[in-house]
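Presented below is the structure to which this report refers.
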Amino acid sequence: MKRERRSFSKEFKEQIVSLHASGKPRHEIVKEYDLTPSAFDKWIRQHETSGSFKEKDNRTPEQEELIHLRKENQQLRMENDILKQAALSWDESRCDSSEPAQILGISNVRCPTTFSQYLLLRS
């Protein structure tokens with residue numbers, strides 16, 4: 001039968017860690033407080049490495065890099081979507097290269113012949 005997920009306060013975790021540090025055997029603490037061995041081991045490891053029980057304080061450099069890369073990837077996807085929308089709004093057939101770029105609201109400039117020129121004129 002699957003155990004229901006429980007949450008424990010920082011104070012409780014600190015108490016468990018201090019019991020272990022004082023020499024009480026792991027199996028006794030796990031049994032007495034009805035803990036899973038993996039949760040107990042995780043608390044001990046977190047306390048030894050960072051002194052904090054928060055996940056963000058206990059990430060490895062690789063985990064931090066992965067989070068950073070995922071955020072950067074999301075940003076680049078959004079920027080790519082914006083450029084795709086801009087490309088769709090640029091209709092090459094609306095303008096002939098000899099007429100002014102009044103369609104874009106710019107005077108004394110010829111109509112852009114490439115999408116990159118269009119983007120430069122729009123900015």
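No value in this document is a laboratory result; all are computed from the given coordinates. Note that the coordinates shown come from a computational prediction; the quantities given were computed from them, not determined experimentally. Glycine gets a Cβ as well: all are built from the backbone with ideal geometry, and neighbour counts include every protein chain shown.
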Task: Charge tally in the Cβ shell below 11 Å around residue 34, where Lys, Arg are +1 and Asp, Glu are -1, residue 34 excluded - done: +2
- [ ] Multiply the residue gap between residue 48 and residue 82 by 0.36 nm, knock off their C-alpha separation, and tell me the result in nm, one decimal place.
- [x] 7.6 nm
Task: Dipole magnitude (debye, nearest 20) for segment 1-43, charges at Cβ of Lys, Arg, Asp, Glu - done: 200 debye
Open item on the list: Give me the dipole magnitude in Debye, nearest 20, for segment 1-92 about the Cα centre, with unit charges on the beta carbon: positive for Lys and Arg, negative for Asp and Glu.
Closed with: 620 debye
